[in-house]
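Visitor: One structure coming up, written as structure tokens, with questions to follow.
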Amino acid sequence: MVLRSPQASPFICRRALLLAVALLFLGSVSTYSQIKPTPTPPPSPESPSTKQDKPDSPNFGSPESEMLERNRLKTEKKQYDENLARAREAATIATELVEGYEAKKAFSSDEGKKLERLEKLTKRIRNEAGGSETDADVKDIPNAMAAAVKRVAELADDLRKLVEKTPRHVISASVIDQANKLLGLIQHVREGR
């Protein structure tokens, strides 16, 4: 039989206690790592009224905003193309006026209607370019009607070229000025016929 000393017994008890604590700690760590953490709930969607209250929070990528932007760009492009068509039509009408006046040395009722159409087109071009209704101060108006009609054609062609060169997002002072000159000359020709 083996005799134990009374002092060995506290050492064994401490050892057993330390071993038990270590096993308990390791068991709790492994158990904790196997437990699934509960996910945080997703944020609640904002109500439409809260989105409208925040003007500085843009809504990037929403289908509605993209569709609205595409439609706005299509509308701008359509207006620009219509303005180009007006400028081209104005130049064509002015050329027809020159040819008609040179052939007859006078304006018929058809040429009078063309002058009115040319004036309307020119006003619309000026307004689309950002101009407003003002009386045109035209300098260097030719005295002879034939020269004035040729000058109308030149100004209309110059206006067409300016409109074609001007990007659609630009307010062009040169287009407005050219349209005002053309309008003044058209009014002079209409009064003199």
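Visitor: Just to check your reading of the model, which residue among Ile186, Ile141 is at negative phi and touching a His at 6+ places or on another chain (Cβ under 9 Å)?
Guide: Result of the check over Ile186, Ile141: Ile141.
Visitor: So which of Ala156, Ala147 ends up being in contact (Cβ under 8 Å) with a residue 12 or more places away in the chain, of a type in the set (Gly, Ala, Ser) and either within 16 Å of Leu97 (Cα to Cα) or assigned to a helix (DSSP H, G or I) (or both)?
Guide: Ala156
Visitor: Is it fair to say Glu119 is in contact with a Lys or Arg (Cβ under 9 Å, 6 or more places away or on another chain) and farther than 14 Å from Leu97 by Cα?
Guide: For Glu119, the condition - in contact with a Lys or Arg (Cβ under 9 Å, 6 or more places away or on another chain) and farther than 14 Å from Leu97 by Cα - is not met.
The rows are residues; the columns are (1) closer than 19 Å to Glu191 by Cβ; (2) surrounded by 16 or more Cβ atoms within 10 Å (Cβ to Cβ); (3) in contact with an Asp or Glu (Cβ under 7 Å, 6 or more places away or on another chain); (4) without any contact (Cβ under 8 Å) to a residue 24 or more places away in the chain.
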{"residue": "Ser62", "(1), (2), (3), (4)": "no, no, no, yes"}
{"residue": "Ser65", "(1), (2), (3), (4)": "no, no, no, yes"}
{"residue": "Glu76", "(1), (2), (3), (4)": "no, no, no, no"}
{"residue": "Ala106", "(1), (2), (3), (4)": "yes, no, no, no"}
{"residue": "Ile125", "(1), (2), (3), (4)": "no, yes, no, no"}
{"residue": "Gly131", "(1), (2), (3), (4)": "no, yes, no, no"}
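Visitor: What number of residues within the range 76-97 satisfy the criterion of being over 16 Å from Arg117 (Cβ atoms) and of a type in the set (Lys, Arg)? Spell out the reasoning first.
Guide: Looking only at the range 76-97, we keep the residues that are over 16 Å from Arg117 (Cβ atoms), and these are 76-81, 84.
Filter once more, so that each one left must be of a type in the set (Lys, Arg): 77-78.
Selection size over the range 76-97: 2.
Visitor: I'd like the residue in the range 88-139 that is outside any helix (DSSP H, G or I) and acidic (Asp, Glu) and, out of all such residues, is modelled with the highest pLDDT. Show your work before the answer.
Guide: Start the filter on the range 88-139 by keeping residues that are outside any helix (DSSP H, G or I), which leaves 105-108, 129-139.
Pick out the ones that are also acidic (Asp, Glu) and you get 133, 135, 137.
Values: Glu133: 76, Asp135: 62, Asp137: 62.
Checked the range 88-139; the qualifying residue modelled with the highest pLDDT is Glu133.
Visitor: Given the criteria over 20 Å from His188 (Cβ atoms) and either touching a Lys or Arg at 6+ places or on another chain (Cβ under 8 Å) or basic (Lys, Arg) (or both), does Arg88 qualify?
Guide: Against the criterion (over 20 Å from His188 (Cβ atoms) and either touching a Lys or Arg at 6+ places or on another chain (Cβ under 8 Å) or basic (Lys, Arg) (or both)), Arg88 qualifies.
Visitor: Something else about it: Among the residues of the range 162-184, how many are in contact (Cβ under 8 Å) with a residue 12 or more places away in the chain and in a helix (DSSP H, G or I)?
Guide: Qualifying residue count, the range 162-184: 13.
Visitor: Read through the list (1) assigned to a helix (DSSP H, G or I); (2) more than 29 Å from Val170 (Cα to Cα); (3) at pLDDT below 90, then give the number of the only condition that Ser65 fails.
Guide: Only one criterion in (1) assigned to a helix (DSSP H, G or I); (2) more than 29 Å from Val170 (Cα to Cα); (3) at pLDDT below 90 is unmet by Ser65, namely (2).
The values are calculated or read from the model by the stated rules, or taken from the named source; none is laboratory data. Since we're looking at a predicted model, the values are computed, not measured. In this analysis, Cβ positions are derived from the backbone assuming ideal geometry, glycine residues included, and neighbour counts consider all displayed protein chains.
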